[in-house]
1. Ranking LYS277, LYS33 by Cβ neighbours within 10 Å, fewest first, what do you get?
2. Cα-Cα over 28 Å: which of LYS18/LYS429; LYS33/LYS208; LYS345/LYS403?
3. Which of GLU170, GLU378 comes first, and how do the rest follow, when ranked by fewest Cβ neighbours within 10 Å?
4. Short version: ³J(HN,Hα) in whole Hz for each residue of the stretch 348-354, in order, from phi by Karplus 6.51 cos²θ - 1.76 cosθ + 1.60 (θ = phi - 60°), x for Gly and Pro, what are they?
Amino acid sequence: MTENTIDIKAFLDKDEQKDLLRLLTAGSVDDGKSTLIGRLLFDSKKLYEDQLDALERDSKRLGNAGENIDYALLLDGLKAEREQGITIDVAYRYFSTNNRKFIIADTPGHEQYTRNMITGGSTANLAIILVDARTGVITQTRRHTFLVSLLGIKHVVLAVNKMDLVDFSEDRFNEIINEYKAFVEPLNIPDVTFIPLSALDGDNVVEKSDRTPWYSGLSLLDFLETVKIDSDNNFTDFRFPVQYVLRPNLDFRGFCGKVASGVVRKGDTVMALPSGKTSRVKSIVTYDGELDYAFPPQSITLTLEDEIDVSRGEMLVHPDNMPIEDRNFEAMLVWMDEEAMDINKSYFIKQTTNSCRSRIDNIKYKVDVNTMEHSNVERLSLNEIAKVVITTAKPIFFDPYTKNKNCGAFILIDPITNNTSAVGMIIDKVAKEDILSNEAIPTINLKELGIESNHYDAINKVVVELEKLGINIHIIK
């Protein structure tokens, strides 16, 4: 084996061991999200020559940066985005440095594209929220910060962009910091960092700028390379949703899936839910061989010492550390469908690898993402967010989203169109008094019974009179 071969192998081994940071950018229109990411890629020498040539040509023809290169064109690829100079769809970019790999989601700033931001941020470890140094913290800044907190993102960088337009004023930077700190405090985001920069000129993006001698922190890239995200995973509560039962021959029966949280070791006692049967882990199998232990987000196959019945959608846990098992829970729901919510309609719920029918029993309140005010509504429309009570057809196994993102997240699917109607983050199981009003309510589907719509009013009157007598019936029209 030659010396060059050894060097290449060592390089590839080191590259494989780098950890991955997923991040999103958010901000108001023209705050410079796409420009910042483009500049980050350009200054860190992560663009190929043909990309640079294309960028220079497009900047002259379509750019909005005068005679300079318009780095936003690296991200804004849709024709409508380039014409308007805005971000509409989520754009993903991958790059790596000597210390870490990155996946960046450039998300739109418009309120009408809230669902796009939720999609881009659903897997993010960190959020970069841009503000214009001239305007400071505005309504969109508050909205994006609220959405970031809703998604459970623990690391936020407030990037105060366009500092060149306020003469790199330290006083202006401190004003924005104080205003943002006052707003973000009740949202319980554990790690907030403030960086002054100029995305167009590259100040404090990759290298520290001489134009901000009063700033003693790291450049944006240095911070992204060093921020600690290892502790963000839940290594305490072992949850293993079974995705597939592998049976290649008579001598092997394994349960495949991704470790959602916690750590599992050979010899551990595990319990299968919902059956409650227990066994011990015989082996932890992967493509590269057997492991002594596994942790999130590894994909593995578990074999057990005993033949117990476990199927897709069920879960393996440690018997002394159980998830919540219930049919009723509260959740924050983001409506993603063009078709408005129908409170009388049942939806499929998909949570981990489990799916079943569900219904939305109650909308407790809708959240105005711009003002944080709560209001009572009867249904949700596209991009609206609310706290709701959901009942499922069978018990599901979950943890609160703030404790365990993988087991606290779910989607609702329209059974007719198969569209993703909503995404949700579970808060907790429902209080007993709410369960009593929702649990075991008989459901009658009028269409399935062949009842004509002209009889609905009469049936509603009967239902109201029954409720007065303490008899509750759930009607699906």
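1. Ranking LYS277, LYS33 by Cβ neighbours within 10 Å, fewest first, gives LYS277, LYS33.
2. Distance filter (> 28 Å) returns LYS18/LYS429; LYS345/LYS403.
3. GLU378, GLU170
4. 6, 10, 10, 9, 6, 9, 9
Where a number appears in this text, it was derived from the coordinates with a stated rule and is not lab data. Source: prediction; values computed, not measured. Note that each Cβ is placed from the backbone with ideal geometry, even for glycine, and that neighbours are counted across all protein chains shown.
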